[in-house]
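Structure, as structure tokens:
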Amino acid sequence: MTEQTYCDRLVQDMPFLTGLGRLSEQQVDRIILQLNRYYPQILSNKDAEKFRNPKVSLRVRLCDLLGHLQRSGERDCQEFYRALYIHAQPLHSCLPSRHTLQNSDCTELDSGTAGRELSDRDPKVLPGARRVLGFSPVIVDRHVSRFLLTFLTDDLGGL
């Protein structure tokens with residue numbers, strides 16, 4: 001499996017980072033200021049002013065910033081992650097790409113059974129199948145797999 005680049009991680013994390021309430025105005029400002037002050041080649045004064053403009057919504061500014069960093073290259077994306085870690089460590093530890101990196105040694109699912117719906121209302125249910133509690137896409141080598149990882153339970157406790 002090839003290693004995920006910082007630019008790849010930023011693509012994967014962008015929906016999470018731009019989610020409502022994930023990053024505060026202050027956190028975004030601190031990240032922008034760090035990139036501008038310590039790495040003016042990453043964010044010029046003009047760019048920093050643009051991404052800190054309070055007349056534009058925080059989500060739009062953050063999307064623009066992340067797009068700018070992706071176009072700028074690997075080192076710029078890496079410095080963003082460094083700034084994110086410094087200014088929003090709890091959020092940094094919850095990033096989808098970090099979970100992908102931590103679980104990158106997972107084995108492939110058996111394609112013969114992974115696509116089947118497991119429901120006790122389905123007449124084609126597998127023998128001994130249990131109710132599905134939840135599921136998430138399996139990310140394999142920077143791509144979302146067509147398989148789903150399911151979480152099953154024997155006892156739903158009245159659910």
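The values are calculated or read from the model by the stated rules, or taken from the named source; none is laboratory data. Bear in mind that the values here come from a model prediction, so they are computed numbers and not experimental data. Positions of Cβ are backbone-derived with ideal geometry, glycine not excepted, and every protein chain shown enters the neighbour counts. Quick note on the areas: whole protein, heavy atoms, side chains included, nothing else; ligands and nucleic acids left out. Shrake-Rupley method; radii C 1.70, N 1.55, O 1.52, S 1.80 Å.
Table: residues versus (1) open to solvent by less than 70 Å² (accessible area, probe 1.4 Å); (2) in contact with a strand residue (DSSP E or B) (Cβ under 9 Å, 6 or more places away or on another chain); (3) assigned to a helix (DSSP H, G or I); (4) in contact (Cβ under 8 Å) with a residue 40 or more places away in the chain.
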position	(1), (2), (3), (4)
Gln41	no, no, no, no
Asn53	yes, no, no, no
Arg59	no, no, yes, yes
Cys63	yes, no, yes, yes
Tyr81	yes, no, yes, yes
His99	no, yes, yes, no
* To do: Kindly provide the set of residues from the stretch 65-79 that are assigned to a helix (DSSP H, G or I) and either free of Cβ contacts under 8 Å to residues at least 40 places away in the same chain or of a type outside the set (A, V, I, L, M) (or both), ordered by number.
  => Leu65, Gly67, His68, Gln70, Arg71, Ser72, Glu74, Arg75, Asp76, Cys77, Gln78, Glu79
* Name the residues in the stretch 14-42 that are over 17 Å from Val56 (Cβ atoms) and among the small types (Gly, Ala, Ser), would you? -> Gly19, Gly21
* Residue list for the stretch 65-79, restricted to those being acidic (Asp, Glu) and surrounded by fewer than 16 Cβ atoms within 10 Å (Cβ to Cβ) -> Glu74
* Across the stretch 2-39, which residue is least open to solvent (accessible area, probe 1.4 Å) among those that are in contact with a His (Cβ under 8 Å, 6 or more places away or on another chain) and not β-branched (Val, Ile, Thr)? -> Gln34
